[in-house]
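Reading through the structure tokens given below for one structure.
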Amino acid sequence: MKRIGILTSGGDAPGMNAAIRAVVRSGIYNDMEVYGIRRGYAGLINGDFVKMDLGSVGDIIHRGGTILRTARSEEFKTPEGMEKALKNIEALGLEGLVVIGGDGSFRGAIELSKRGVATIGIPGTIDNDIPFTDYSIGFDTAVNTVVEAVNKIRDTATSHERTFIIEVMGRESGNLALYSGVACGAETILVPEMPFTIKDVCEKIMSGFRRGKLHSIIILAEGAGQGFDVGREIKNITGFETRIIVLGHLQRGGTPTAFDRILASQMGGKAVELLKSGVSNKMVGWVKGELLVTDLEQILTTNKPFNMELYELANILSI
Ligand code: F6P
């Protein structure tokens with residue numbers, strides 16, 4: 001394989017740049033030419049390609065976002081969009097493509113591989129909702145971002161003896177809420193995977209205050225409800241002063257943690273190794289400390305199991 005492309009697609013995630021760097025440098029090390037495709041699949045359709053060299057990925061390992069930009073392309077899902085993309089791929093002579101993103105991005109990669117373009121997926125999303133990998137790039141950084149924010153909220157929550165609801169991202173997944181909730185020592189973690197009643201949530205808050213707790217921190221996954229609705233209901237039932245924070249897109253930014261940089265570097269290096277040995281239609285994951293290669297189709301047909309053990313532990317530790 002002599003010429004490969006790389007793109008980032010869907011929501012950005014801290015560590016994507018480290019993965020781009022790893023793909024570009026490993027590719028060049030293996031005598032390949034590497035092209036960056038800007039704005040995800042939209043760039044494939046528009047022929048928005050840029051030749052990468054060793055220097056083009058210098059000084060980016062510590063930066064959040066993605067130097068290649070990202071987008072969610074509706075046009076790529078149409079037959080006309082796919083045709084335009086394939087024409088550009090052929091004109092440039094791209095034989096392989098590395099796609100960094102979430103499951104939506106992998107759908108596009110599967111379609112390309114069916115049409116003869118070797119594709120390798122790298123999981124990059126703060127949601128950590130991709131199966132066959134313990135972590136996706138950006139998740140660890142996002143967890144740390146939530147923790148940092150909650151550390152600050154705790155100070156004022158204690159001073160005023162208030163209840164705070166912190167709504168975090170994650171789409172349909174409660175992983176970001178669960179992991180950050182455990183790390184913050186949250187009183188309550190609300191996730192879409194586990195049904196809950198507001199009555200039970202209120203009972204827990206009230207019993208906490210009865211035994212002298214100075215505040216209550218509730219981490220709410222966006223997939224489990226809207227912070228302002230949940231907050232209103234809690235205030236109505238308990239009468240406690242309640243404040244709501246929606247952390248929003250600040251969870252997607254910031255310098256990636258060392259963990260995310262190392263994960264991204266390993267996955268990027270592996271993606272090139274796979275393309276070099278003729279492998280296609282696979283995702284590079286990381287399970288129990290080792291890289292794991294899985295069919296992209298399997299990724300789309302399997303739900304990531306929810307970490308029940310951690311959820312139960314969180315409930316025990318927050319009695
Ligand atoms: O998938 C990443 C994510 O940040 C989700 O957690 C969130 O629901 C969504 O993207 C937000 O998307 P947008 O940036 O388009 O508002």
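The values are calculated or read from the model by the stated rules, or taken from the named source; none is laboratory data. Just so we're clear, the structure is a prediction, and the values are computed from it rather than from any experiment. All Cβ positions, glycine included, derive from the backbone under ideal geometry; neighbour counts span all protein chains shown. With ligands, DNA and RNA removed, areas are computed over all heavy atoms of the protein, side chains included. Shrake-Rupley method; radii C 1.70, N 1.55, O 1.52, S 1.80 Å.
Put simply, of Leu250, Leu263 the only residue that is part of a helix (DSSP H, G or I) and open to solvent by 50 Å² or more (accessible area, probe 1.4 Å) is Leu250.
Filtered by the rule that a residue be open to solvent by 20 Å² or more (accessible area, probe 1.4 Å) and closer than 25 Å to Arg171 by Cβ, segment 90-105 gives Asp103, Gly104.
Does segment 7-41 hold any residues that are more than 16 Å from the ligand (Cβ to nearest atom), outside any helix (DSSP H, G or I) and under 18 Å from the mean Cα position of the chain (by Cα), and which are they? Residue satisfying the conditions is Leu7 alone.
What residue, among those in segment 151-170 that are more than 16 Å from the ligand (Cβ to nearest atom) and assigned to a loop (DSSP other than H, G, I, E, B), is most open to solvent (accessible area, probe 1.4 Å)? Looking at residues that are more than 16 Å from the ligand (Cβ to nearest atom) and assigned to a loop (DSSP other than H, G, I, E, B), I get Glu161.
Here is a yes/no grid of residues against (1) within 20 Å of the chain's Cα centre (by Cα); (2) buried (at least 24 other Cβ atoms within 10 Å of the Cβ); (3) of a type in the set (Lys, Arg):
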position	(1), (2), (3)
Ile61	yes, no, no
Glu75	no, no, no
Met82	no, no, no
Asn88	no, no, no
Arg107	yes, no, yes
Ile122	yes, yes, no
Asp129	yes, no, no
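Out of all the residues in segment 270-278, is one or more in contact with a Gly (Cβ under 9 Å, 6 or more places away or on another chain), open to solvent by 70 Å² or more (accessible area, probe 1.4 Å) and assigned to a helix (DSSP H, G or I)? Scanning segment 270-278 turns up at least one residue that is in contact with a Gly (Cβ under 9 Å, 6 or more places away or on another chain), open to solvent by 70 Å² or more (accessible area, probe 1.4 Å) and assigned to a helix (DSSP H, G or I).
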